[in-house]
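The block underneath contains the structure these notes are about, expressed in structure tokens.
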Protein chains: 6
Amino acid sequence: MSELSDIIDALKPVSTATITTVLLKQGLRRVWMRGPRPIRPGQPRTIGRAFTLRFIPAREDLATPASWASPRSTRAAIEEAPPGSIIVADARGVTEAGIFGDILCGRIKQRGIAGLVTDGAVRDIAGVLESGLSVWCAGVAAPPSVACLTFVNWQEPIGCGGVAVYPDDLVVVDDDGAVLIPAALVEEVVRVAPEQERVEAWIMDEVAKGAKLPGLYPPNEENLERYKDWASRR
Amino acid sequence: MSELSDIIDALKPVSTATITTVLLKQGLRRVWMRGPRPIRPGQPRTIGRAFTLRFIPAREDLATPASWASPRSTRAAIEEAPPGSIIVADARGVTEAGIFGDILCGRIKQRGIAGLVTDGAVRDIAGVLESGLSVWCAGVAAPPSVACLTFVNWQEPIGCGGVAVYPDDLVVVDDDGAVLIPAALVEEVVRVAPEQERVEAWIMDEVAKGAKLPGLYPPNEENLERYKDWASRR
Amino acid sequence: MSELSDIIDALKPVSTATITTVLLKQGLRRVWMRGPRPIRPGQPRTIGRAFTLRFIPAREDLATPASWASPRSTRAAIEEAPPGSIIVADARGVTEAGIFGDILCGRIKQRGIAGLVTDGAVRDIAGVLESGLSVWCAGVAAPPSVACLTFVNWQEPIGCGGVAVYPDDLVVVDDDGAVLIPAALVEEVVRVAPEQERVEAWIMDEVAKGAKLPGLYPPNEENLERYKDWASRR
Amino acid sequence: MSELSDIIDALKPVSTATITTVLLKQGLRRVWMRGPRPIRPGQPRTIGRAFTLRFIPAREDLATPASWASPRSTRAAIEEAPPGSIIVADARGVTEAGIFGDILCGRIKQRGIAGLVTDGAVRDIAGVLESGLSVWCAGVAAPPSVACLTFVNWQEPIGCGGVAVYPDDLVVVDDDGAVLIPAALVEEVVRVAPEQERVEAWIMDEVAKGAKLPGLYPPNEENLERYKDWASRR
Amino acid sequence: MSELSDIIDALKPVSTATITTVLLKQGLRRVWMRGPRPIRPGQPRTIGRAFTLRFIPAREDLATPASWASPRSTRAAIEEAPPGSIIVADARGVTEAGIFGDILCGRIKQRGIAGLVTDGAVRDIAGVLESGLSVWCAGVAAPPSVACLTFVNWQEPIGCGGVAVYPDDLVVVDDDGAVLIPAALVEEVVRVAPEQERVEAWIMDEVAKGAKLPGLYPPNEENLERYKDWASRR
Amino acid sequence: MSELSDIIDALKPVSTATITTVLLKQGLRRVWMRGPRPIRPGQPRTIGRAFTLRFIPAREDLATPASWASPRSTRAAIEEAPPGSIIVADARGVTEAGIFGDILCGRIKQRGIAGLVTDGAVRDIAGVLESGLSVWCAGVAAPPSVACLTFVNWQEPIGCGGVAVYPDDLVVVDDDGAVLIPAALVEEVVRVAPEQERVEAWIMDEVAKGAKLPGLYPPNEENLERYKDWASRR
């Protein structure tokens, strides 16, 4: 397996759109998470190992502000997540309470964690934006997580936006949202995706020159030759 | 704590409607599960400790028929659940695949498990009905669980139909659906609910005789006296 | 305006399907309520003036069991509804709490009210069925109304299942659900619908004899003549 | 390609649950239609070629009772569908109007069409049940189709309940709902599914005798041997 | 009860996130409205008494452009709302028609009303933005309200985004959306919330200095001492 | 029928909000598409004939990257659409895959097509924005269309966001979304809408001067006189 830093270097120029195409050719259709959207335009493409958090629905006897001090709390989880990882939180699609606000996002940023991805919401959006943390979430809501959710554990297999996420799977997020690369398929994606991205760049160039799409995208043999020729001269 | 058999005896005449009223007076509003409905009318009221199963979304590389033979499979889970328990399966509300069909329901029934409750679906409904297992589910679907879901583990805290379920919480199911009694509140419910049920039976009697509702339900002091008198003579 | 008993006699043989067709020809498309379904098969077609109830969402400081004793309660409303009317309750589509259970349905039946229609749920379904009241609702749930809803008032304009209902509009319910006839259009429906029902009965007869649909339904001139001939001989 | 009657004979004992398992092993996960449910319990398993109908949303200038007399109407479509086929109607999941009522269902039955499958609703449920037609639909609604939908054409590729249906694909419906077998995969399903059904019958037998699930379902080598032995002696 | 202007002064620095935390500690979970979002970033936090409007579904015979001239119209309601109030409109979550456009929003702004909150949509978004009115809504739609909704009345109890709103309850809106403070709880919130906001500001400071979360948020005794010390010196 | 360029000139100053009001007065309520939103603020109002595309759900045996090279592909469709037209794509509301990305949007722009409207999503949002194409869509998603959808055909009647769209109907899009003008009603809208827009401009002026709404909007006779006077002097 390649080093994570090499993987990140290889995937930096590759969009999540291209990664989903590559994974689809491997038979994987359920890799893009419904729900997580960038909280602001222009967040840089971010790549990291998933550090998972799991919430279940709130029950009034369990989900209280007091629970925030428990040793199995979101606070403890944040201290456990390694720098460079991406926190992926399974909020079961609940968007009527924010799982994290300015304080927790501030601490996540401080710890060098690369980003936060959730199918739930964040709260105190003004403060979260100020923290500078890159966030992909499904909404913004004022109430605290305990109004709707109870935190259970970290680094378990979870669902997020309809996608299965296991600890240490790779997550890539950009303006199209969050895509999961199963740990076992990372090498294959690194091998194939950058080339796919180059082909599409060439096609885009051709389109800019006025070329028609049929035969060009996907390229027929003639165009494939022309592409290879172009690629070999770069 | 009372013996489970005593608890069951005490709660047998108490409807889930009454239990939710009692729990509401304790401040608990999130105890009735959205989704689970009886698969046939007239299933007996069923009470048991929750044995939890957890599913996450399917990923094509994980959720395959081959996974059914894994040691952490639904098959193994069913063998672990104690007789008299109620299996509560967190299917994340997915109703486009059936978590269990005739074979698994047949085995659950064989093992003396009291019932199956899920916010997902079952498959092969004809076979499931034939198995004689009492089932509360959110739908019926032909595809196998692996088409949409991956089984993860048993006896973890889960969500089911918007309710947090911890292993060994008490579950009561009848024609109104499935209600959770947190383990710590069972004694209180046993103490209060049967009396509440008796009051309502008396009120129902009064209604049958033509009594008006205001002052009767809930009873004002005069009617409370009449009820106590009636109750003392039974 | 005709007497209500005459209206009921005229509309008894007319299905809600036919009434919606007649109203559509008058330009009304929003008259069938989404949500209300018969709680048991074979409830007789029921016709009556709407007696409206209005709920809003619950707030923990308002919606408590104590509120059931307030003078503006559902209990008081039930005593106000006239015999022969149909109670139409705006529950805002909330199906996670039952607005009424066995006791209230028992009293409604006692008072000679013709039926209960709601876009919400009922609770204690076993008891409701036993009460013998004809009910059209959107679900069954164990929790009491106060878990999700606060009762506000009666005989106000409401929405129910996406349809505007004003006090004293006419409501017709059968196995296809609940249809509203605005008070001002009742005469027109009474004038046209029974004839429409007769034409369809004749068409059904023709279909039973093997007739093709084009030209028959709706009837072309030739078939209209045949129908008139048939009708004149009955 | 086998004769249709041979295909039907081969698939009669095979449940839709088993067919979805077989198709999943071929990589097809989107073959079970969300929405279509049997309108009554105990409708026989039904198999036939799909005859497709397509609706689009209504527009008040197009979808009028007058349009029922157009040559491209549902009436004409019903006359075109061959006996033994199953009508599959793309209603775009709209359940607030019934695409067909008693008259059209009566005519469909008369013409020897095997069944009606739709992700929409039917109307005049009492009349539809009386017609004796086997129907799988997503709801019941009083309003006529034109209140919400405009009929466009027949025998085009459609979507129904999230599944692509091409004319002459095979459709199988039973109590678990409606499953599509792409025309090109029918032979494979016929080859594999009946054997799969037999294995499951044997497993069910073993379960009835008290066998544990792990190693049995799916069968390990030892159990596979025992099954083969059992199968060879039948 | 404090003067409204004092209340506003006290709550100006308090986020809706903090208010929901304070209310949760009082047992209120249903105070944040699902749906209303700021129509533009950076609208100032706004506080005012609720002036309620109520809509029900449209019926073609009632909801016509002509109804705009009725004395019980939205036009009349806008003239009744006092300066400084916040109009809260119950649109039943309908987002396919805009309740107000440029003209009505222009007039609301002119009258000195502090803002508009709705679980419905507005129309002519370009004109609404130009009016300068602060708006929190659930969408933007071109059609006029009468396409989907009928206005009924003002200053009645309503639901908005799942929250019960009574005339003269206090409403606070910022970038996290709209929060309701029941009139009877305003004093308590004013008493507690500003202090809660101060604690969180101190915690945020500590986080900025690199402090870990456990023991800090919520503060344990040691940190509470440090906070008090810090607060006393300000 | 007027020339298209004259129609466009006449409708340029008319908002979609005004067009829906005009069409409502003609009895048309289903003309605004649910789903399509501008991908960026400030896209110019755009008017053109609809060029329709139709997708159905994906089936794994049909919707593959290979299908992109088929002669009935989206690529071929784009080459067929005439300059000045607006592509309206029926994606059945599926927003978990993007129907088009940077390359296809780049080509659409190149061909002089006026805009893209869909109830589905686009992918590679960064690239789509860069292409400069005006787009109204219901979301952004990384996966390619074939992950969820199969392209069927062009220039058929379709549904888009709940609206029936026939080839060559007129489509108008601005910041309030997409509105359809049936081909047969274009003349009427051109005749009436600009005047309606002028009346509203005058009313807006009056509001700016502090006029009250009742009697002004809609104008009573006195105000209508004042308007006419104002209009005659312009």
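Express the relative contact order of chain F as a whole percentage, based on alpha carbon pairs under 8 Å and six or more residues apart in sequence.
With pairs under 8 Å counted, the relative contact order is 28 percent.
GNM remark for chain D: springs join alpha carbons under 10 Å apart, and the peak mean-square fluctuation among D:L224, D:L170, D:L28 falls on D:L224. Per residue, the accessible area of chain F comes to 35 Å² when a 1.4 Å probe rolls over the protein heavy atoms.
Segment E:38-87 gives an Rg/Rh value of 1.08, both radii derived from C-alpha positions and Rh following Kirkwood.
Look at the dipole of chain F built from charges on Cβ: of F:T46, F:A147, F:L11, the Cα furthest out on the positive end belongs to F:A147.
Once backbone amide H atoms are built at 1.01 Å from N, D:G84 has D:I113, D:A114 as its partners under 5 Å, excluding neighbours fewer than 5 places away on the same chain.
Taking amide H as placed 1.01 Å from N in the peptide plane, C:A89 has its amide H under 5 Å from the amide H of C:L53, C:V117, C:T118, C:D119, each at least 5 places away in sequence or on another chain. Using the Cα centre as the reference, give the magnitude of the dipole from point charges on the C-beta atoms of chain B (Lys, Arg: +1; Asp, Glu: -1; all else neutral), rounded to the nearest 20 debye. Once rounded to the nearest 20, the dipole reads 240 debye.
If R0 equals 51 Å, the separation of the Cβ atoms of D:E80 and E:T64 corresponds to a calculated FRET efficiency of about 0.80.
In this Cβ point-charge picture (+1 for Lys and Arg, -1 for Asp and Glu), the protein assembly as shown has a dipole of about 0 debye about its Cα centre. Heavy-atom surface analysis with a 1.4 Å probe gives the protein assembly as shown a carbon and sulfur content of 50 percent of its accessible area. Summed over both chains, the accessible area lost when A and B associate is about 2400 Å², using a 1.4 Å probe.
By DSSP, the beta bridges lying fully in segment C:90-234 are antiparallel in about 55 percent of cases. Comment: the Cα-to-Cβ extended label point of F:N153, at 7 Å, lies 0.2, 5.3, 5.4, 5.4, 5.4 nm from its counterparts in the other copies, nearest first. Spin-label model, E:R40 to A:Q155: label points 7 Å out along the Cα-to-beta-carbon direction sit 4.9 nm apart. Springs between Cα atoms under 10 Å define the GNM used for chain A, and in it the highest mean-square fluctuation of A:R92, A:R30, A:R59 occurs at A:R59. Hey, if you drop one equal point scatterer on each alpha-carbon of chain A and run the Debye formula without solvent, what base-10 log of I(q)/I(0) do you get at q = 0.13, 0.15, 0.17 Å⁻¹? Evaluating at q = 0.13, 0.15, 0.17 Å⁻¹ gives log10 I(q)/I(0) of -0.77, -0.95, -1.15.
Placing unit charges on the Cβ atoms of the charged side chains and taking the dipole of segment A:168-234 about its Cα centre, the candidate lying farthest along the positive direction among A:W230, A:V171, A:V186 is A:W230. A compact globular protein would have a Cα radius of gyration near 2.2 N^0.38 Å; the ratio found for the protein assembly as shown is 0.92. Shape analysis of segment B:105-234 yields a ratio of the Cα radius of gyration to the Kirkwood radius, Rg/Rh, of 1.13.
The modelled label-to-label distance for the pair C:R72/C:K12, using points 7 Å beyond Cα in the direction of Cβ, is 4.1 nm. Over every Cα atom in segment C:1-100, the radius of gyration and the widest Cα-Cα span, Dmax, amount to 16.9, 48 Å. Magnitude of the charge dipole for segment A:101-234, about its Cα centre and with charges confined to Cβ atoms of Lys, Arg (+1) and Asp, Glu (-1), is about 320 debye.
Between C:S5 and A:D205, what is the label-to-label distance in nm when each label sits 7 Å out along the Cα-to-Cβ direction? Simple spin-label model gives 9.1 nm for this pair. For segment C:163-234, the fraction of C-alpha pairs farther apart than 19 angstrom is 50 percent. Report the one residue of A:L62, A:M33, A:L216 whose Cα lies farthest in the direction of the positive end of the charge dipole of chain A (charges on C-beta: Lys and Arg +1, Asp and Glu -1; origin at the Cα centre). Looking along the dipole axis, the top candidate is A:L62. Summary of the geometry: segment B:121-138 and segment D:1-73, compared by the centres of their Cα atoms, lie 23 Å apart.
Taking all protein chains together and a 1.4 Å probe, the residues A:K25, D:K109 rank A:K25, D:K109 from largest to smallest accessible area. Note on segment A:102-144: Cα convex hull, mean projected area over all directions, 2.6 nm².
For segment E:74-152, the spherically averaged projection of the C-alpha convex hull amounts to 4.3 nm². The H on the amide N of F:C160, modeled in the peptide plane, is under 5 Å from the matching H of F:V165, each at least 5 residues off or on a different chain.
The values are calculated or read from the model by the stated rules, or taken from the named source; none is laboratory data. In this text the structure is predicted, and so the values were computed from the model without any measurement. Neighbour counts run over all protein chains shown; Cβ positions are idealised from the backbone, glycine included. Note: areas computed on protein heavy atoms with side chains; ligands, DNA, RNA excluded. Shrake-Rupley method; radii C 1.70, N 1.55, O 1.52, S 1.80 Å.
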